[in-house]
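The values are calculated or read from the model by the stated rules, or taken from the named source; none is laboratory data. Note that the structure is a prediction, hence the values are computed from the model and not measured. Quick reminder, even Gly has a Cβ in these numbers, built from the backbone with ideal geometry, and neighbours come from all protein chains shown. Surface areas here come from the heavy atoms of the whole protein model, side chains and all, with no ligands, DNA or RNA. Shrake-Rupley method; radii C 1.70, N 1.55, O 1.52, S 1.80 Å.
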Amino acid sequence: MSVKHPIISVTGSSGAGTSTVKHTFDQIFRRENITAVSIEGDAFHRYDRATMKAEIARRAAEGDQTFSHFNIEANELEELERVFRDYGLTGRGRSRHYVHSAEEAERFGVPVGTFTEWAPFEDKSDLLFYEGLHGSVATDTINVAQYADLKIGVVPVINLEWIQKIHRDRAARGYSTEAVTDTILRRMHAYVHVICPQFTETDINFQRVPTVDTSNPLVARWIPTPDESMVVIRFKNPRGIDFAYLRSMIDGSFMSRANSIVIPGGKLDLAMQLILTPMILKLVERKRRALA
Ligand SMILES: Nc1ncnc2c1ncn2[C@@H]1O[C@H](COP(=O)(O)OP(=O)(O)OP(=O)(O)O)[C@@H](O)[C@H]1O
Ligand SMILES: O=C(CO)[C@H](O)[C@H](O)COP(=O)(O)O
């Protein structure tokens with residue numbers, strides 16, 4: 001935690017919608033004149049695509065069928081922890097990009113499945129924004145969560161998450177349904193042991209729930225739309241959250257528990273703005289006061 005150099009982390013499994021949520025954060029940063037340094041979890045993968053493939057094959061030959069990008073060891077989480085810690089202390093740090101597609105390869109000038117060089121953050125940012133798989137990891141040896149001042153979980157129910165991943169990986173990354181299904185299966189062990197526990201560390205979870213039948217996610221022809229879903233928003237510490245205000249501003253919302261509000265899927269962007277803007281402003285005002 002850092003008053004002078006706050007960190008926001010958005011954590012979600014692959015296909016959960018963290019990139020989509022980042023868009024809402026970017027709108028808030030722009031509107032409120034906040035300079036954020038944004039980093040992606042994929043930058044901290046330990047291996048490029050070819051090396052990862054070889055590593056998966058090597059481990060499979062030794063009997064481990066579960067090695068995947070979800071695993072702690074498949075990522076440089078000690079580096080991510082260091083970046084969070086150093087940013088909190090100094091406002092400085094570094095990151096890079098993992099290039100997923102031909103379009104990104106063109107933009108970054110390195111081949112698909114490789115990384116760009118590490119590069120330092122721009123000076124004088126108001127906060128650090130992380131979006132990826134491991135933004136709230138807290139184990140005996142790695143503790144990224146301790147350095148984040150606001151931790152958000154993005155967690156569609158699992159059938160929907162699979163549908164979103166399958167559609168995105170087919171459309172944007174050129175994978176077949178079978179290849180994505182194999183990846184989902186291989187990742188399941190670490191999904192349970194590494195991804196899920198993070199959502200007890202997060203301050204707020206946004207869980208999208210479809211209101212259409214997704215019983216066989218592997219054959220779904222399209223991603224359920226916002227209007228075909230509800231979102232459960234759960235606050236770890238509901239003290240200070242003005243639920244009456246949120247209920248009055250968000251048509252069709254209701255409380256399902258003392259710390260949870262449910263909203264129509266189409267209101268997600270509005271709800272995020274209403275909930276997150278005051279929290280982000282508080283972090284930035286505290287920082288500006290401390291530096292004054
Ligand atoms: N709230 C939403 N409503 C409708 N579709 C959504 C929503 N959130 C995400 N999606 C869709 O799900 C797919 C995956 O979303 P996104 O790319 O944001 O996932 P991600 O968590 O960033 O994945 P990765 O970390 O693997 O890049 C996209 O096709 C996106 O349009
Ligand atoms: O979404 C992911 C992790 O969040 C990707 O699966 C991971 O980054 C590997 O990417 P690729 O399959 O393009 O090599």
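Note: relative contact order over segment 169-251, using C-alpha pairs below 8 Å and six or more positions apart, is 27 percent.
Taking the Cα centre of each part, how many Å lie between segment 194-220 and segment 104-175? First find each Cα centre; the distance between them is then 17 Å. In plain terms, the chain from Leu281 to Ala60 could stretch by 74.8 nm, reckoned as 0.36 nm per residue minus the Cα-Cα distance. For the pair Ile72 and Trp222 in one chain, pulling the backbone fully straight at 0.36 nm per residue adds 50.8 nm over the alpha carbon distance. Rounded to the nearest 0.05, what FRET efficiency do Arg46 and Lys4 give with R0 = 22 Å and r taken as the Cβ-Cβ distance? Could you check? E between Arg46 and Lys4, to the nearest 0.05, is 0.10.
Accessible area per residue for segment 196-292 is 57 Å², calculated with a 1.4 Å probe on protein heavy atoms, without ligands, DNA or RNA. Other residues lying with their Cβ under 12 Å from the Cβ of Ile204 contribute a combined charge of +1, Lys and Arg counting +1, Asp and Glu -1. The chymotrypsin sites (Phe, Trp or Tyr not before Pro) of segment 57-149 that meet both conditions, a loop assignment by DSSP and at most 14 other Cβ atoms within 10 Å of the site Cβ, are Trp118.
Within the shell of other residues whose beta carbon sits under 12 angstrom from the beta carbon of Glu285, the net charge comes to +3, with Lys and Arg scored +1 and Asp and Glu -1. At q = 0.17 Å⁻¹, what base-10 log of I(q)/I(0) does the Debye formula yield for the chain when every alpha carbon is treated as an equal point scatterer in vacuo? Here the Debye-derived log intensity ratios amount to -1.58. Near the amide H of Ile39, within less than 5 Å, lie the amide hydrogens of Phe129, Tyr130, Glu131, all on another chain or at least 5 residues away, with H placed in the peptide plane. The 3J(HN,Hα) values that the Karplus relation (6.51, -1.76, 1.60; θ = phi - 60°) gives for segment 250-261 are, in residue order, 10, 4, x, 8, 8, 8, 9, 8, 5, 10, 9, 10 Hz. Gly and Pro appear as x. When both bridge partners sit in the chain, DSSP labels roughly 55% of those beta bridges antiparallel.
Within the accessible area of the chain, the carbon and sulfur atoms contribute 52%, probe 1.4 Å, all protein chains present.
Using the alpha carbons alone, the radius of gyration of segment 47-107 stands to its Kirkwood radius in an Rg to Rh ratio of 1.10. A simple spin-label model places the labels of His100 and His23 1.3 nm from each other, with each point 7 Å out along Cα-to-Cβ.
Note: relative contact order over segment 1-158, using C-alpha pairs below 8 Å and six or more positions apart, is 45 percent. At an R0 of 22 angstrom, the distance between the Cβ atoms of Asn143 and Arg92 translates into a FRET efficiency of 0.60.
Here is how the number arises for the chain: DSSP H runs of 4 or more residues each give -39500 (n - 2.57), the sum is divided by the residue count, and the result at 222 nm is -12000 deg cm²/dmol.
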